[in-house]
Amino acid sequence: MQKDFFGDRLRQLRLINDKSLQNVGDAIATTKQYIQQLETGLQKPSDFMLQVLADYFHVNTRFFTSVYNKIQEEECFFRKVKSTPTNIKEKAESYTSLFEEYIRFLDEEEFDLPQSLFLKNKVDYKKLNREDIDKLADDFRKNCGLDDETPIENMTKVLENSGAIVTYFNDLSEKVDAFSINRTRPIIVRNDKKDNGCRLRFDLAHECGHLVLHDENDSDDEIEEQANNFASSLLLPRKGFFKEFYELFTSKNINWRKLIELKLRWKVSCAAIIHRAYDLNIIDTVRYRSAYIYLRKTGQTKKEWGDEKIEIENSSLLQDMTCELINNSVDDIICFLEQKGWSIDLFEKILPFDISKLREKMAQSENIIHLRF
């Protein structure tokens with residue numbers, strides 16, 4: 001009987017592999033009730049059953065006995081929390097738990113990663129007003145070495161330079177808009193299937209807002225609104241906004257050609273620009289409503305003019321660190337996988353890039369005959 005078996009580990013694998021309790025029970029000739037009892041800690045598997053589970057999920061038995069820091073639901077901030085199905089959120093949390101284990105390993109490898117700017121023990125979000133959020137966004141810009149009059153060239157790099165890791169999971173990209181967790185090393189998971197550079201940047205800025213403003217997610221609509229406000233303030237800082245956009249809205253009608261030019265410069269949607277102008281009382285309710293009606297009538301509610309000219313940001317930080325280890329310290333990665341009981345297939349599931357070179361090196365290592373004298 002295994003004393004150190006962690007049922008959450010079994011649940012992780014089941015969710016990541018899209019298996020129900022019934023699927024697992026049927027596959028290993030037992031019941032779904034027994035699998036559930038294993039996951040909840042009411043039962044411990046025999047040595048034989050532990051090996052059966054490991055073989056079924058293609059991992060080493062060590063996977064089920066290794067300690068990890070489980071991610072709690074309230075630590076995750078989902079971009080569309082109310083419309084994201086529970087099973088998808090649970091699957092995302094399982095992926096992120098495994099991913100965080102690898103990130104901790106990278107930190108231990110002494111890569112020169114920036115200190116996180118996203119601190120814990122924040123001010124009660126219910127006490128924050130719109131001006132407070134504006135100031136916090138300005139402060140974050142300053143801490144990142146950005147001024148308040150220049151567009152953010154690359155939102156992904158801003159986050160990474162602030163100590164966060166930006167990634168995506170291939171298996172979840174179509175189902176999850178974006179989400180984040182604020183741990184020792186904050187993680188932001190974006191949607192890789194989103195083909196709109198403006199929306200992707202706003203999603204990243206939204207998650208940045210959660211990391212700056214909130215310690216826990218209590219599923220309050222106000223939390224999401226605050227993250228949106230932070231994103232707007234971060235991408236369109238007050239001083240720069242007034243300087244460049246004020247003249248655009250002084251006439252009776254909006255100059256849409258000029259608006260699109262500004263959109264391409266700041267890499268923020270026309271809708272977000274209009275909302276920011278209204279938020280700062282540059283335009284009144286009538287012009288605000290008129291602008292949105294125009295966007296709707298011209299078919300721009302989902303895809304705006306000029307979207308195709310704003311490139312999709314990509315992150316290379318994680319891949320660069322992994323490739324450096326594969327090329328120069330492959331034994332360290334192999335040791336990590338062995339200690340955790342991970343298969344290379346499981347490792348590949350949590351990474352958004354090809355690791356065939358690691359497969360080749362592991363195969364070469366297995367084929368080496370060690371002579372003993």
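In percent, how large is the relative contact order of the range 115-231, given Cα pairs closer than 8 Å and 6 or more residues apart? Reported as a whole number, the value is 30 percent.
Hey, what's the Cα Rg ratio for the range 34-74 versus the globular rule of thumb, 2.2 N^0.38 Å?
Working: Rg = 11.5 Å, N = 41, 2.2 N^0.38 = 9.0 Å.
Here the answer is 1.28, to two decimals.
On a full-extension model of 0.36 nm per residue, what is the gain between GLU75 and LYS357, subtracting their alpha-carbon distance, rounded to one decimal in nm?
Values: separation 282, 0.36 × 282 = 101.52 nm, distance 3.44 nm.
Contour length minus the Cα-Cα distance gives 98.1 nm.
A straight line joining the Cα centroids of the range 6-51 and the range 270-285 runs 53 Å.
Fully extending the segment from HIS58 to THR285, taken as 0.36 nm per residue of separation minus the present Cα-Cα distance, adds 75.8 nm. Per the Debye formula on identical point scatterers at the alpha carbon atoms of the chain, with no solvent, log10 I(q)/I(0) at q = 0.13 Å⁻¹ is -1.07.
In whole percents, the pair-distance distribution calculated for the range 1-75 from its alpha-carbon pairs, binned every 5 Å from zero, is 3, 16, 30, 30, 15, 5, 2, 0. Relative to the longest principal axis of the Cα atoms of the chain, the long axis of helix 86-108 lies at roughly 80 degrees. Entry note, the range 201-268: relative contact order of 35 percent, from Cα contacts under 8 Å with a spacing of 6+ residues.
How far is helix 256-266 tilted off the main Cα axis of the chain, in degrees rounded to 10, range 0 to 90? It is inclined by approximately 40 degrees.
Dipole magnitude of the chain about its Cα centre, charges +1 at Lys/Arg Cβ and -1 at Asp/Glu Cβ only, in debye to the nearest 20? If you can, show how the numbers build up before the last one.
Values: 55 positive and 65 negative charges, 268 e Å.
It works out to roughly 1280 debye.
Could you tell me how many degrees, from 0 to 90 and to the nearest 10, lie between the Cα long axis of helix 47-57 and the main elongation axis, the longest principal axis, of the Cα atoms of the chain? On a 0 to 90 degree scale, this one is about 40.
Length gained on full extension, ASN170 to ASP47: 40.9 nm, using 0.36 nm per residue less the C-alpha separation.
Please sort 232-240, 111-119 by packing, taking for each peptide the average over its residues of neighbouring beta carbons within 10 angstrom, highest first.
Values: 232-240: 22.3, 111-119: 12.8.
The peptides rank, most packed first, as 232-240, 111-119.
The helix-only estimate of mean residue ellipticity at 222 nm for the chain, built from DSSP H runs of length n ≥ 4 each weighted as -39500 (n - 2.57), is -16500 deg cm²/dmol after division by the residue total.
Just so you know, all these numbers are worked out from the coordinates, no wet-lab data involved. Values in this document were obtained by computation on a predicted structure and should not be read as measured data. Positions of Cβ are generated from backbone atoms using ideal geometry, with glycine treated the same way; all protein chains shown enter the neighbour counts.
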